[in-house]
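Reviewing the structure listed below.
The values are calculated or read from the model by the stated rules, or taken from the named source; none is laboratory data. Every value quoted in this text rests on a predicted model; they were computed, and no experiment measured them. As a convention, Cβ positions derive from the backbone with ideal geometry for all residues, glycine included, and neighbour counts pool all protein chains shown.
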Amino acid sequence: MTTGRQKCGFCGGESVYHRLYSGEQLCRSCFRDSLEEKTRRTISQYKMLKHGDTVAVAVSGGKDSLSLLDILSKLTQAHGEKIVAVTVDEGIEGYRGEAVELARSEAAKRDVPFHVVSFESLFGFTLNRALDAWPDRSISACTVCGILRRRAIDLAAEQVGATVVATAHNLDDFLQTYFINLTSGDVGRLEFLYPGLEPSIGLPRRVKPFVEIYEEEIAFYAFLSGIPFQTEPCPYMDEGVRTEIREFLNRLERRHPGVKHSTYKTAMKMLSGRGEEKSSDRRSVRCNRCGRPASDKLCSVCRIIETIQNNRSSKL
Ligand SMILES: [Zn+2]
Ligand SMILES: [Zn+2]
C-alpha cells in the first residue's frame, strides 16, 4: 500500500510504502533495499546459489522476471556467480516479439549476456501451430505451453552451460499453485513447489529467489526502479481456477495482513525435506524418446509432441 507524509522507519526520509503485515514505513530507497535483502536472504536460506555457479535467469519480459534480472545482476556481481538471461519465444503472434525485445534490452543495460530459444527451433512448431493441431481442448493452452516452456528453459540453460535456473515465481504464484495442487488430489506435484530443488541427473537446479516476496511488492519495485515491462496479457490466457484462488487470497490478505506469508510458512514446513526426497525419486525413470527424467515411458513433453504430430498427419 502506498502512503504519503509518513516517515521511513529506517532513514527518516519520506515514506512511499506502508508494509501492512509488518507495520513498516519505507522510503523509495529503503523499500528497494529491503526487496534486495529479502531476495539475498531467501537465496542463502535455501542454499540456492553456490560459488562459481552460472545462473540462467528465465526472463519472460514481465515485471517479475525483469525485477529478478535486476536484483540478481546486483547480487551476483558481489558473489562471483555468472548470470545469463534466457528467454523463450513460444511463437505467439503479435504478443511475444515485444517481450523478447524488452528482455534483450534490459539484459544489455545490465551487461548480462542474453540467449533466446524458440519452440519452433526446439520442437519444430510454434505454440500457435501446436494449438491449431491440438485434437481437443482437454488440456488448456496454458498447460501445454507451461510444459513446453519448462523444457525450453532447461534446454536454453544447457546451451549456455548454466548449473542453475532461476525463475521469478513470487509468494502469490507459490500459494496459488499450492492451493491448485491441494484441490487436484495429486500429492506428488506438491514437491515440485520446493523453492530450492536439487537437480535430477543432467538437469540444472531450479530455484525461486522471489518465493517469499508478495507480487504487489515486486510490481512496486519494478515501478520505482523504472523497469519497463509487458503489461498486455497473453491472448491464450485461460487461468480457470487460479483466478478464483488469487482473488480469494487477496481478499483474505486485505482483511488479515500477513496471512499469505503465514500460509506460506505452514506450506514450507509441510514440504521441507520432501523436495530432496522427490528429486532422488525422479532419477530412476527415463523417457524412451528423449532420454530425460520422466514419470512414465514418455515424458510429458514427448507426449505433447507425439499428439501434435499424430494429429497433423491424420489431417493430411
Ligand atoms: Zn528510508
Ligand atoms: Zn521425452
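The table that follows gives values for the structure above.
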quantity: Selection status of Val112, outside any helix (DSSP H, G or I) and touching a residue at least 60 places away in the same chain (Cβ under 8 Å); calculated: no
quantity: Where a residue in the stretch 172-189 is at pLDDT below 80 and its partner, wherever it lies, is assigned to a helix (DSSP H, G or I), with Cβ under 8 Å and at least six apart; calculated: Gly188/Lys278; Arg189/Asn181
quantity: Subset tally (residues that are outside any helix (DSSP H, G or I) and over 18 Å from Glu191 (Cβ atoms)) for the stretch 249-273; calculated: 3
quantity: Every residue from the stretch 51-80 that is among the aliphatic types (A, V, I, L, M) and surrounded by fewer than 23 Cβ atoms within 10 Å (Cβ to Cβ); calculated: Leu75, Ala78
quantity: Residues of the stretch 145-192 satisfying the condition of being part of a loop (DSSP other than H, G, I, E, B) and surrounded by 22 or more Cβ atoms within 10 Å (Cβ to Cβ); calculated: Ala162, Thr167, Ala168, His169, Asn170
quantity: Subset of the stretch 230-247 [closer than 12 Å to Gln176 by Cα and either in contact (Cβ under 8 Å) with a residue 12 or more places away in the chain or not in a helix (DSSP H, G or I) (or both)]; calculated: Glu239, Gly240, Val241, Arg242, Ile245, Arg246
